[in-house]
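Structure first, then comments.
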Amino acid sequence: MSRSLCSVSAISCNRFPPSCARCGLGSIMAGSWWMCCRRLKGGFTTSGLTETLRCFSGQSAYSSASPTARPSWSSAPGKERPLFPAQIHSKALNLNPSLLRHRSSSLYPTLRYCGCRTMHSDAKLRDPFTLAQKDLTSLYDDIKKELFVAKTELKYLCDYYFDGRGKAIRPIIVILMARAMNIHSNRAGDLLPGQRTIAMISEMIHTASLVHDDVIDGSDERRGKKSINDVWGERKAILAGDFILSAATMALARIGNSAVVKVVSQVIEDLVRGEFMQLGSKENENERFKHYLEKTYKKTASLMAHSCKAVSILVNSDPEVHEIAYQYGKNVGIAFQLVDDVLDFTSGAEQLGKPAAADLKLGLATGPVLFACQQFPELHAMIMRRFSSKGDVDRAWQYVLQSDGVQQTTYLARRYCEEAIRQISRLRPSPERDALIRLTEIVLSRDK
């Protein structure tokens, strides 16, 4: 399936129609990407923000104007409320510009437009980490069993990052999505063996990519300790990453579902393509931002999106349900990386577990820099030479802090999270579904 970008939207992935029949937004497809971005800087109108969200997140085939599109589940048993995108965004996106100046403390005021008016309050939304804890308890031990080898040094290398010190955000999302899908499909909420395996695989693929990323970037620190390549050298680090990836593919094959194998295998292709995209840049500003978001999808969001889709395939045969899972993972994944890019400018090395300004030092222009470039055109030349001249990193850092690049990127992350909420709210109410909604706020408010 093609994953090319449309002329304006961030990641179309062949899942969004070229226009919305309800709101007549097809004309924006021929518009400028930066016209959408600039709407985030000035006064906000309802139509302007509606168009901006559609540029950034798109509309899934599931939420098209098709008469067969399913309604959202109401919080009241036995009642259903149809979900009309134009109605949702007409009020939910009419926000005051001052909201750009600080990180959102809550998404809940906008949730009532998602057809789940009475479900989402701080008291009722369940803690995702608590709900997933039972299945996470032995996850890392089981991963280590998958990585069992007789050679002591290789085993120690492979176990090095599976020490429980990571965020485990990917397996948590997969576990909660699996349970929510099981309940939506009129089954018990407990994980199926294959679904739990996918949660393990998601963490294994992610960790293997970290090992390889550290070699490519020459990083000497990861998760608050020395990186594998710094301790054992690049050659052994590459082999360790390869071995973790091979163990993950063996576990995937044992699930015995060809559709799941195809979906999860796409993640590995996307990771490689995303890494190649990161090595390059675009001179045109419009192309540059699309390039950045597509790279973000491939390197970060694809794993979450396809893992969520995979667990839904194991329990439900409806492609529209699979799409809900995919869209939630995709939107949360992009938001997660956008926040990560913000933290590179707002959090210290001790919080991040890696050096601050790491992206600039690697020559990478992330969201805050690209937005800042609109206010400080001097950044353009620095971006093109990948901040390689003396003083570039320090000057770029100052330009970003003097601009509203951090606020704009945070605001964009919020838009993606709201789209994730809209998608997941289509499922039957359950503690796990509500925990996935709560998780979007955690993604936005995290500081490491």
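The values are calculated or read from the model by the stated rules, or taken from the named source; none is laboratory data. Just so you know, these numbers come straight off a predicted model, no measurement behind them. Glycine gets a Cβ as well: all are built from the backbone with ideal geometry, and neighbour counts include every protein chain shown. These accessible areas exclude ligands, DNA and RNA; they are computed on the full protein's heavy atoms, side chains included. Shrake-Rupley method; radii C 1.70, N 1.55, O 1.52, S 1.80 Å.
Answer with yes or no whether Asp344 is more than 30 Å from Ser185 (Cβ to Cβ), of a type in the set (Asp, Glu), open to solvent by less than 10 Å² (accessible area, probe 1.4 Å) and in contact with a helix residue (DSSP H, G or I) (Cβ under 9 Å, 6 or more places away or on another chain). It is true that Asp344 is more than 30 Å from Ser185 (Cβ to Cβ), of a type in the set (Asp, Glu), open to solvent by less than 10 Å² (accessible area, probe 1.4 Å) and in contact with a helix residue (DSSP H, G or I) (Cβ under 9 Å, 6 or more places away or on another chain).
Considering (1) farther than 28 Å from Ala247 by Cα; (2) surrounded by fewer than 24 Cβ atoms within 10 Å (Cβ to Cβ); (3) over 18 Å from the mean Cα position of the chain (by Cα), the lone condition that Thr366 does not fulfil carries the number (3). Looking only at the stretch 394-433, residues that are farther than 23 Å from Lys361 by Cα, open to solvent by 10 Å² or more (accessible area, probe 1.4 Å) and assigned to a helix (DSSP H, G or I) come to 4 in all. Taking the criterion of being open to solvent by 10 Å² or more (accessible area, probe 1.4 Å), of a type outside the set (Lys, Arg) and under 17 Å from Leu245 (Cα atoms), the residues of the stretch 146-164 that qualify are Glu146, Phe148, Val149, Leu154, Tyr156, Asp159, Tyr160. Any idea which of (1) open to solvent by 10 Å² or more (accessible area, probe 1.4 Å); (2) outside any loop (DSSP other than H, G, I, E, B) is the one Ile143 doesn't satisfy? (1) is the only condition that Ile143 fails. Taking each residue of the stretch 212-223 that is at positive phi and at pLDDT 85 or above and looking for partners that are open to solvent by less than 30 Å² (accessible area, probe 1.4 Å) and not in a loop (DSSP other than H, G, I, E, B) with beta-carbon atoms closer than 8 Å, six or more apart or interchain, yields Gly218/Asn229. Here Gln375 passes the criteria (1) surrounded by fewer than 18 Cβ atoms within 10 Å (Cβ to Cβ); (2) closer than 30 Å to Lys262 by Cβ; (3) of a type in the set (S, T, N, Q) except the one numbered (2). Screening the stretch 165-261 for helices (runs of 4 or more DSSP H) wholly inside it with 2 or more residues that are among the hydroxyl-bearing types (Ser, Thr, Tyr), open to solvent by less than 20 Å² (accessible area, probe 1.4 Å) and touching a strand residue (DSSP E or B) at 6+ places or on another chain (Cβ under 7 Å) returns no ranges.
Considering Val260, Val264, Val231, the condition of being over 23 Å from Ala132 (Cβ atoms) and hydrophobic (A, V, I, L, M, F, W, C) is satisfied by Val231 alone. Each residue in the stretch 255-292 was checked for being of a type in the set (Lys, Arg), at pLDDT below 95 and within 20 Å of the chain's Cα centre (by Cα), and 2 of them qualify.
Only a single criterion out of (1) touching a residue at least 12 places away in the same chain (Cβ under 8 Å); (2) surrounded by fewer than 23 Cβ atoms within 10 Å (Cβ to Cβ); (3) of a type outside the set (D, E, K, R) is not satisfied by Thr440, namely (2). Looking only at residues in the stretch 419-437 that are in contact with a helix residue (DSSP H, G or I) (Cβ under 6 Å, 6 or more places away or on another chain) and of a type in the set (D, E, K, R), the one that is nearest to His184 (Cα to Cα) is Arg428.
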